[in-house]
Every structure is written in C-alpha cells, then in structure tokens.
Amino acid sequence: MTLELLNKTTNELQADILIEFLNAETLETHAKKEALEIQGFSASQDSVCALFESGLIVCGIEDYGDESLRSAATQVINALRKTNFKTAKLSQYYLKNVSALVEGFILGSYRFDAYKSKTDNMNLETLTFAASNFNDDALEFAQLEEAFTSALIISTATNFTRTLVNTTPEDMTPLGLADVAMSIATENALTCEVLDEKELENEGMNAILSVGRASRHESCLIQLSYIPENPIKTISLIGKGLTYDSGGLSLKPAASMVGMKMDKAGACAVLGILKAVSELKLPIEVHGFIGAAENMVDGSAYKPDDVLVAKNGTTIEVRNTDAEGRLVLADTLCYAQEKVQADYLFDYATLTGACMVALGAYTTGMMGHSNHLKHTFLKGSAKSGEMVGSLPFNRHLKKMIKSEVADISNIGNKPYGGAITAALFLDNFITEDMKQKWLHFDIAGPAYTDSPWDCNPFGGTGAGVRMSVKFIQSLSAVK
Ligand code: BES
Ligand code: ZN
Ligand code: ZN
C-alpha cells in the first residue's frame, strides 16, 4: 500500500472509499448519522462502521488527539484489508495529526508472513491524504509534507525492525545481523565494521565470547556508523543482539523460551534507527554498536560459578547464565566508549522480565544517572507514540550485585528491583566522563507482543525506533 499526500480536496480526488473519524459530537451533525446509527455505530473509540454503497468508512474516536487517531487508523486499515477496494482517501480535517495517522496506517497494516504458505495481501493500493486547505499557505503545506515524509520514513524503518525481530533464530544469526548491517550501509552510504570471534578475543571481550560459546553460530560485534558533514552532535547507540536466549545452563522453562528470538530486539532497533536517521539525512553523527551472540547449551557452555573478565578488566561472577544480556552489553559498552567520544550514549535491550513487572508490558523502562538527560529525552520523544517510564537508581540496590568472589555478580541477591539492578550492573562499564550522558532502555515489555495493541500486530513491534528517531530529530532542531 502506498500513502500519498496531495494538495487537493477530497472532492477533487477519485477514490473507491472515503475514511472519516468521528466522535460523539461530530457524529451528531454528520450527514449519514441515521444510516450509521442504524448499524449500531455510536462513535466509541476503535469501532468501525462502513457504508459501502455510499463509499464511506468511519471509525469512532474519543477525541482528535494522536493516541485516538493512531489507534483508529489501525482499525480502519484492518477493516479495509477484508475488502476489495483499491483506493481510499482521507480529508484534510485530521492532518494536524499527520504523523499519528501515517503510523496508524503503516504500522497497523504490517503483517509478518515470511513463513506462511498462503499470504493475506492487502487489496488497497493507494491511500491519499487530501491537503487542500493548505493551498493558501505554501509554507504550511511544505511543513505538512515534511512531517508526512518523515513519519513515512520512521514507520517504514519501524516495520523493518519488526521483520528482523520476527525472523527465526536459524535465519537471523549473529552474523546474519552483521549481513543486515552491511546491506543498510551499502544502501544508505554508511560505514560498517564487523569483529569476528578472533577479533573479539584480541579485544579482550571475554564476556560476549563466553555467552556465545555453546552456540554453533559465531558471535560478533557490529559497528554501523552514519557520519554526515558538520554534525551538530554525536550519539552512540548500543544494542543487545541475542539471536536466541534459551537461558543457557540456567535453562528457561519451556513456556518462557517461546518467543526468545525477540531477544535481539535492541540490536534490531539500533539498525532501524540508523536506517531512519540516514534516510532523513539528520545532521547528527550516529554510531550503532551491536553485541551479537546466541545463548545456548552444550558441553562448552559458560556456567554459574564461572568468573569472566570483561573488556575493561572488571571481573564478573556468573550466578545465572540467563542474565546474559548484561554480559554482552558490558563488553559492547566498553568497546563503543573506546571507539567514539559521544555526546550521548544510549543502550537498548530486552534485558529483564522485572521491567515488565514494574511498568507493564507496554512501556519502556528508562534508567540513568542524569535526571536532566532523562527529562530531555522524554521531551524530545514525547510525540513518538511510544511510552517510556523512568525507574530510579539508589545506593541500596547497587549493593545487591556485590559478589564474594569477583568484582560484581551478574544477578542481584534478592528478587526485587531486577530492572534497576541490571542497569546498575551496566553502570560498571560506563566510564566516569560518560555517566551523565548515558541512558539505558529496557524494552523487554514493549518489544514483542502476542496480542495486538495500538498499532502493533502480533510479534515484534519495533520498540525504540520511533522514540529515538524523534529524540534525534529534536537535537537537529536545536542549532
Ligand atoms: N532476555 C531475558 C529478559 C526477557 C524476559 C525479555 C522476558 C523479554 C521477556 C533476559 O536475558 C533474562 O533472561 N533475564 C532474566 C534475569 C534474571 C536471571 C536475573 C529475567 O528477567 O528473568
Ligand atoms: Zn536471559
Ligand atoms: Zn536475554
């Protein structure tokens, strides 16, 4: 399906069907009120009603805000999926929320069917946004077009991330992720470097190597960089790329293992962000660093009681091999800080089940030392459609990862505050000068879903992409 924005009125546009969003108030004065009400339509949020003979499909909304319109657009596009209409149009009336609408239509219509013998393709080919009232004011139309194009790029990158997350562990191995990074680099003129196991060894990255040792797939570290001319700021993004997390010898129970192909979602988000930022040609230098490995079991597996020496020399007592993400991130964070002197250092990881307990499955957990930076991020990403909640550090939780045998333990000594103790573990690999520039995003909850919500169908959601690109865009605006 193609989305287009034209400087025309809905009347001037030829299309099989017109889409409208109505709340209780706008339903009252609508020309088709009676016909809609006869079908039981009362404009409740997300309820769809079609008057196909009149060429009209409507969806109820609570209000004309982003949240309501994004969700309603998803419902409409899914209703149209079941029809044979080829073209649809949308009036200019809703265009102050143009980004939310693009997201609703593009993200809401996404399906992952790479492994299905029969696919349920959309018949709808073109959806046109009519933007005629911007006619008088050339500048406003230009701004609208910019917002439209930007939302399209971000939504497409989010769907790209979803597909990577949804790909099976056999089809998306650590080196498979490296191939994807290489092809993004070729398509968008970025640079890409991949460190194989031999090179990881030379770099002293024993933590990554230990996690990946029992896998038939080689571990690697991927660096993908977008370097524009005269960048305003530099930002490093670190992604957890566990192409499968069986738990290792601290094996996950059968039911918890299903879906653990999503443990690479942090890495996939970083790839999606780089794709979007480079397509948007933002004046920010962005470096992605991905620690990629598979956490498996065999005779060579790393084990509870092992002591690992990370890249920065910190010794880590392994007490649970299922707390592997923080080990991979430890080495990757050290490497990223050695390679690039950045203004911001963000990491993305499906790190803890505890984060879902704390915030629910829809919200990303944000952690870091700087309240100012957390605030700046929340402000910059506010209209992204993603939800982010801050979890606070404290000195008592920090003591929970002390170890009797090594510098630190890879799990806390009590079962509470697990999202924060994981972040405090990572803090050991952040250099003094970067402490105030670092944010950790635990996306374990929102990265994957087994029941659709908002504009997310089953599977990978692309969590992290929209909020981060919006934040990077907000940096570009401050000149
Ligand atoms: N990848 C998991 C975290 C996770 C759990 C992501 C559920 C998505 C859904 C991570 O590697 C893990 O297993 N964490 C453990 C840590 C524990 C052993 C301290 C967890 O959360 O149970
Ligand atoms: Zn794990
Ligand atoms: Zn994991």
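Every number here is computed from the coordinates shown, using simple stated rules; none is lab data. Being a predicted model, the structure only gives us computed values, none of them experimental. Backbone-built Cβ (ideal geometry, glycine too); neighbour counts: all protein chains shown.
Quick notes on this structure:
- Restricting the trypsin sites (Lys or Arg not before Pro) of segment 117-211 to loop positions (DSSP other than H, G, I, E, B) with no more than 12 neighbouring Cβ atoms within 10 Å leaves Lys118.
- Taking the C-alpha atoms only, the angle from helix 325-339 to the longest principal axis of the chain is near 90 degrees.
- Degrees between helix 174-188 axis and first principal axis of the chain (Cα, 0 to 90, nearest 10): 50
- Length gained when the stretch Asn320-Asp120 is fully extended (0.36 nm per residue, less Cα-Cα span): 67.7 nm
- Inter-label distance, Asn202 to Ser390: 4.3 nm, where each label sits 7 Å from its Cα along the C-beta direction.
- Sparse-neighbour loop sites [GluC sites (Glu not before Pro); segment 1-79; at most 13 other C-beta within 10 Å; DSSP]: Glu12
- Rounded to the nearest 500, the 222 nm mean residue ellipticity of the chain from helices alone is -11000 deg cm²/dmol, with -39,500 (n - 2.57) taken per DSSP H run of at least 4 residues.
- Close amide H contacts of Met296 (hydrogens built in the peptide plane, cut-off under 5 Å, sequence separation of 5 or more or a different chain): Ala214, Ser215.
- Under Karplus coefficients 6.51, -1.76 and 1.60, residue-wise ³J(HN,Hα) of segment 440-448 in Hz, glycine/proline x: 10, 10, 8, 9, 4, x, x, 5, 8
- Exposure proxy order (Cβ contacts within 10 Å, fewest to most) of Ser256, Ser109, Ser132: Ser256, Ser132, Ser109
- Computed from the C-beta positions of Gln45 and Glu404, the FRET efficiency with R₀ = 56 Å rounds to 0.55.
- Rounded to 10°, Cα long-axis angle of helix 265-279 versus longest principal axis of the chain: 60
- Using θ = phi - 60° and Karplus 6.51 cos²θ - 1.76 cosθ + 1.60, couplings along segment 41-52 (whole Hz; Gly, Pro as x): 7, 10, 6, 5, 3, 6, 7, 10, 9, 10, 10, 4
- The chain - share of DSSP beta bridges that are antiparallel (%, nearest 5): 35
- Fewest neighbouring Cβ atoms within 10 Å first, the residues Val309, Val270 line up as Val309, Val270.
- Couplings 3J(HN,Hα) for segment 205-218, derived from phi with the Karplus relation 6.51 cos²θ - 1.76 cosθ + 1.60 (θ = phi - 60°), are 8, 6, 5, 4, 4, 5, 4, x, 5, 8, 9, 6, 9, 5 Hz, where x marks Gly and Pro.
- Calculated FRET value between Ser183 and Glu229, using beta carbons and R₀ = 25 Å, to 0.05: 0.60
- For Leu351, the residues 5 or more places off, or on other chains, whose built amide H falls under 5 Å of its own are Ile443, Ala444.
- Between Val405, Val307, Met467, the Cα set farthest toward the positive side of the dipole of the chain (charges on each charged residue's Cβ, about the Cα centre) is that of Val405.
- Prolate/oblate/rounded label for segment 168-477 (Cα gyration tensor, a/c 1.5): rounded
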